[in-house]
């Protein structure tokens, strides 16, 4: 394995690329390179054919770079090269985000959510939801007995027994051409229907980590 700097014009695209790079991904690649530089090398074989890093290679070409950091692997069999190309694209996708750690780090960014690969508004919304839950939990610990009783009463009302049944819904057309579909209706225990908005509201709750109680937001 050799670490070196090579001219992009000397690198060779593989005949078949395992990964399809979308325009959006290449734009985010460019954001990352502009922000941090080239943080990982392009991997090539002894013939300078790219085994890993095709997206980065395309990005650097778009940015008019002339050179790139390269890791050259000599002595691989053709099967090993093909396996490397498959594995490099697959292994990364097997991981999952640690949302708790991500929220902690995002909170430390103090509102600076310009992060390559993410939509800034989405990250702001993630932090807004986290702040809402934190506020509810902090206030819950300060409730007096009457307020706690009200929380329990509200929870019992929201956890009302519901029954679901399919109901025929006929389109406005008449005659044999009328379209009949089955839709699911949800009812309270007293058989009064529950609207979609009410169902969404009933589902919006959290569990207090201190006492295990369900808290409705």
What order do you get for 115, 12 when you list them from fewest to most C-beta neighbours inside 10 Å? 12, 115
With only alpha-carbon pairs counted, each pair once and no self-pairs, how large is the Kirkwood hydrodynamic radius of region 2-94 in angstroms? 13.6
Within a 10 angstrom radius of the beta carbon, how do 93, 32, 107 rank from fewest other beta carbons to most? 93, 107, 32
What is the gain in length, in nm to one decimal, between residue 48 and residue 61 on full extension, counting 0.36 nm per residue of separation less the C-alpha to C-alpha distance? 3.1 nm
Quick numbers on region 80-121, Rg and Dmax over C-alpha atoms in Å, give 15.4, 45
Testing the spin-label approximation: label points 7 Å from Cα along Cα→Cβ at residue 92 and residue 16. State their distance in nm. 2.1
Within a 10 angstrom radius of the beta carbon, how do 49, 59, 22 rank from fewest other beta carbons to most? 22, 49, 59
Give, in nm to one decimal, the length gained when the segment between residue 77 and residue 35 is fully stretched (0.36 nm per residue of separation minus the Cα-Cα distance). 11.5 nm
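Where a number appears in this text, it was derived from the coordinates with a stated rule and is not lab data. Since the structure is predicted, the reported quantities are computational estimates derived from the model, not experimental observations. Please note: Cβ atoms are built from the backbone with ideal geometry, for glycine as well, and neighbour counts cover all protein chains shown.
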